[in-house]
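Here's the structure we're looking at; comments come further down.
The values are calculated or read from the model by the stated rules, or taken from the named source; none is laboratory data. Since this is a predicted model, take the numbers as computed values, not measurements. Here Cβ is always computed from backbone atoms with ideal geometry, including for glycine, and neighbour counts include all displayed protein chains. Accessible surface is based on the protein model in full, side chains and every heavy atom, while ligands, DNA and RNA are left aside. Shrake-Rupley method; radii C 1.70, N 1.55, O 1.52, S 1.80 Å.
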Amino acid sequence: MTASRPAVEIFANPRADRSAPRPGVLTHEARAEAQAAIRAWPGYAPTPLLDLPGLARRLGVAAVRWKDEGGRFGLGSFKALGGAYAVQRLVREHGGDVTFAAATDGNHGRSVAWGAKQAGARAVIYLHAGVSPGREAALRALGAEIVRVAGNYDDSVRQCARAAAERGWQVVSDTAWEGYREVPTAVMAGYSLIAAEAVAQMGAERPTHVLVQGGVGGVAAAICAELREAWGADAPRFVVVEPALAACLLESARRGGRTEIPIAEETVMAGLSCGDPSPLAWEILDTGADDFAAVDDAWVPPAMRLLADGESGDPRVVAGESGVAGLALLLAARERSETWAALGLDAGSRVLLIGTEGATDPEIYREIVGRGADEVAGTVAR
Ligand SMILES: Cc1ncc(COP(=O)(O)O)c(C=O)c1O
């Protein structure tokens, strides 16, 4: 942690408006169609919604619920729902004799490569310089061709789009740009299934807070749209959490409009290292999110270890670096009463955390937690 950067930052969204939810492109129909399609895939099962009472006691809140996306279709993250669904739609439209191209910091590309493999199609995946060898290996194992490019995630998105335009490839991006909206809409519609499952799993229970991590903002927007529709004005306080090193959504909220920021340094939360918010996601989060938060990387290892150990008899949870952003924020905020209060947290709070990934890079996981994911014996079936 550097002295110049606060460990945690909260920005209350002055534009938040619960009276007029804007689902943007994520209409009821788009979400329902994606959810029905994915529920029909072989091997589909809702991911577990865990109760972590020991962690709740430690934090001083009434409940912590953990939606564990680590086992999603065997791909390690919620991203299995987005890219692969977009590929399925494109195959329906164009047939399988096409090349799919995507830029990724790991998880999105894995989903696209998996979808392409099932369709017997070719996948070319663009990786920026900071993507770990473990994440590259997982992509190659799915048969993807890899192109390494200089720069960061946002650069890899641009290079992928340029190459695809020249070669007639189908780009499957999780972010949108001018004239390119349909595919990222499908990607986000796929993500909405996480929230639809959580709503069903919670029954009459209502969280007071939902913390969702933001990269380009796609998964946060999808969950926000789904929860607002399901729970209306009773929907919990919606907090978007980003790494301090890549807080483009927070900066957008602060400036009152979508803002691109430079990535000066790669965060350990690799999946969240994005400086350019998706315009489609921003349309939803602009008024849909109640708070934007940024947390320092230093809080990631303690969050991963806490989950791996299972506090006071809680089930042990394998959660990767980008998956723990919400818990990292809670740990950082717990140290400062004014930050805790700014988030409206107290002993009655019931917090829903979205654990967006498991050990998607096994080596990095082992380095941080001190033992391998397979040794973190949990009660969660994988
Ligand atoms: C594990 C994980 N969590 C969260 C995110 C953020 O998703 P989005 O870019 O849609 O905001 C990503 C993106 O790659 C991710 O890999």
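Classify segment 83-173 as rounded, prolate or oblate, taking a ≥ b ≥ c as the square roots of the eigenvalues of its Cα gyration tensor: rounded when a/c is under 1.5, otherwise prolate if a/b is larger than b/c and oblate if not.
Since a/c reaches 1.5 but b/c is at least a/b, the shape of segment 83-173 is classed as oblate.
Which value, in debye to the nearest 20, gives the size of the charge dipole of segment 83-173 about its Cα centre, when Lys and Arg are +1 and Asp and Glu are -1 at the Cβ?
For this selection, approximately 160 debye.
Taking +1 at the Cβ of each Lys and Arg and -1 at the Cβ of each Asp and Glu, which of Val61, Ala12, Ala84 sits farthest along the dipole of the chain towards its positive end, judged by Cα position relative to the Cα centre?
So the residue furthest toward the plus end is Ala84.
How large is the dipole of segment 182-283 about the Cα centre if only Lys and Arg carry +1 and Asp and Glu carry -1, each at its Cβ, rounded to the nearest 20 debye?
It works out to roughly 280 debye.
Can you list the trypsin sites (Lys or Arg not before Pro) in segment 157-239 that are in a DSSP coil and have 16 or fewer other beta carbons within 10 angstrom?
Arg181
Could you tell me the relative contact order of the chain? Use alpha-carbon pairs under 8 Å, at least six residues apart, and round to a whole percent.
Computed over the chain, the figure is 24 percent.
Can you work out the accessible area per residue across the chain, with the rest of the protein chains kept in place, probe 1.4 Å, in square angstrom?
Computed with neighbouring chains in place, this is 37 Å² per residue.
How much of the accessible area of segment 290-382, in percent, comes from carbon and sulfur atoms when a 1.4 Å probe is used?
48
Roughly how big is the chain's charge dipole about its Cα centre, with Cβ charges of +1 (Lys, Arg) and -1 (Asp, Glu), in debye to the nearest 20?
The dipole magnitude comes to about 520 debye.
Ratio to report: Rg/Rh of the chain, with Cα atoms as the point set and Rh obtained by the Kirkwood method; give two decimals.
Reported Rg/Rh, Kirkwood definition of Rh: 0.93.
Among rounded, prolate and oblate, which fits segment 168-268 when a ≥ b ≥ c are the square roots of the eigenvalues of its C-alpha gyration tensor, a/c under 1.5 means rounded, and a/b larger than b/c means prolate?
oblate
Percent of accessible area on segment 88-188 owned by carbon and sulfur, 1.4 Å probe?
Solvent-exposed carbon and sulfur of segment 88-188 make up 47 percent of the total.
I'd like to verify something in the chain: which complete DSSP H helices, judged by Cα projection on the helix axis, reach 30 Å or more and average at least -1.0 on the Kyte-Doolittle scale?
Correct list, ordered by number: 182-202.
What 222 nm value per residue comes from the helices of the chain, counting each DSSP H run with n ≥ 4 as -39,500 (n - 2.57) and dividing by all residues, nearest 500 deg cm²/dmol?
The helix contribution divided over the chain gives -12000 deg cm²/dmol.
Does segment 17-84 come out rounded, prolate or oblate by the C-alpha gyration tensor, with a ≥ b ≥ c the root eigenvalues, rounded set by a/c under 1.5 and, if not, prolate when a/b is larger than b/c and oblate if not?
oblate
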